[in-house]
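One structure is given below, encoded as structure tokens.
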Amino acid sequence: MIRKLNRMDHHVVFSFLKQEPSLNLFIIGDIEAFGYEQEFQELWGDFDEDGALRAVLLRFYDSYIPYAPGEFDVDGFVKIIGNTAQPVRLSGKTELVATFEHLLPLGKKRVTYFCECNEITFAETESRYEIKQATVDDVDRILELRRRIAEFSVLPSSRDMLVKSLETNTGRVYYIEEDGYMVSSVATTAENTLSAMVVGVCTHPDYRHKGYASEILKRVIQDYVRAGKTLCLFYDNPNAGRIYKRLGFYDIGMWTMYG
């Protein structure tokens, strides 16, 4: 049986999601930040015949994330997402979301490595650069930098989501300026009591090869690990992967995004 989840289900849902806390950090973070009764966020649970929770589906704006450690009602979740002519934005553990591939019109597929970091493994020295933490007033500068990165996709909802992330402390943005311009930044999102996801690692094309992003990442790792939180990130570029692993990240699985 699939039904809408509410705050009365919270203990059961959290115990279920904590089976794989890093892989569920988006769902955990969004529940902690926004709860169960928001216009932009909904959650459904798939319960077996004994009433035990076996799967969860999150809708956050126009994106969906399912989680299930075993068998679940795929067709039931497909009905909730609904028939649409537009490609569906879906993400999750690779082997899990693959079950939706022939049932929904999905967006462009991207498979990435999923890794985490929970300790400081590099020598801690003072950074050569001044690293600042952004506020809501910096949102348009952040998006302008991201628009200059070919691999980035700045969506119509990006500004609203970034503002909400900063206002609710579910995400941070660290950056370096040069000549008054934001030239490199690293962001986190889905921050919760256990972890956060590193996103938006970028440097303006004219300011690359100076080690800016690595320096910012070191600061991010220091801040989160000292707070007792695990950092997670996706990567699909082996060169980027080597940089992340030098800073203490290690692979824990694969993650697929359709969008």
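Computed values, structure above
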read-out	value
Test result for Phe77, at pLDDT below 95 and surrounded by 19 or more Cβ atoms within 10 Å (Cβ to Cβ)	no
Candidates Asp223, Asp251 - the one that is out of contact with any Leu (no Cβ under 8 Å at 6 or more places or on another chain), in a strand (DSSP E or B) and surrounded by fewer than 18 Cβ atoms within 10 Å (Cβ to Cβ)	Asp251
Matching residues in the range 185-202 - criterion: being in a strand (DSSP E or B) and of a type in the set (A, V, I, L, M)	Val186, Ala187, Ala196, Met197, Val198, Val199, Val201
All positions within the range 134-152 that are open to solvent by 90 Å² or more (accessible area, probe 1.4 Å) and either outside any helix (DSSP H, G or I) or within 17 Å of Tyr174 (Cβ to Cβ) (or both)	Asp137, Arg148, Ala150, Glu151
Residues of the range 185-206 satisfying the condition of being more than 19 Å from Ala134 (Cα to Cα) and either touching a strand residue (DSSP E or B) at 6+ places or on another chain (Cβ under 7 Å) or crowded, with 20+ Cβ neighbours inside 10 Å (or both)	Leu194, Ser195
Number of positions in the range 1-39 that are farther than 30 Å from Phe249 by Cβ, touching a helix residue (DSSP H, G or I) at 6+ places or on another chain (Cβ under 8 Å) and not small (Gly, Ala, Ser)	5
Members of the range 115-130 that are touching an Asp or Glu at 6+ places or on another chain (Cβ under 8 Å) and among the hydrophobic types (A, V, I, L, M, F, W, C)	Cys115
Output for the range 153-184, where each listed residue is touching a helix residue (DSSP H, G or I) at 6+ places or on another chain (Cβ under 7 Å), farther than 23 Å from Leu231 by Cβ and either outside any helix (DSSP H, G or I) or open to solvent by less than 50 Å² (accessible area, probe 1.4 Å) (or both)	Val154, Glu178
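Okay, residues lined up against (1) within 18 Å of Ile65 (Cβ to Cβ); (2) of a type in the set (Ser, Thr, Tyr); (3) over 16 Å from the mean Cα position of the chain (by Cα):
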| site | (1), (2), (3) |
| --- | --- |
| Pro156 | no, no, yes |
| Leu162 | no, no, no |
| Val173 | no, no, no |
| Thr189 | yes, yes, no |
| Val198 | yes, no, no |
| Arg208 | no, no, yes |
| Tyr212 | no, yes, yes |
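One line per residue, one yes/no per condition, for (1) at pLDDT 95 or above; (2) surrounded by fewer than 13 Cβ atoms within 10 Å (Cβ to Cβ); (3) closer than 22 Å to Leu155 by Cβ:
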| position | (1), (2), (3) |
| --- | --- |
| Pro69 | yes, no, no |
| Gly82 | no, yes, yes |
| Val97 | yes, no, yes |
| Phe100 | yes, no, yes |
| Lys109 | yes, no, yes |
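The values are calculated or read from the model by the stated rules, or taken from the named source; none is laboratory data. Source: prediction; values computed, not measured. Reconstructed Cβ throughout: ideal geometry from the backbone, glycine too, with neighbour counts over all protein chains shown. Only protein heavy atoms, including side chains, enter the accessible area calculation; ligands, DNA and RNA are left aside. Shrake-Rupley method; radii C 1.70, N 1.55, O 1.52, S 1.80 Å.
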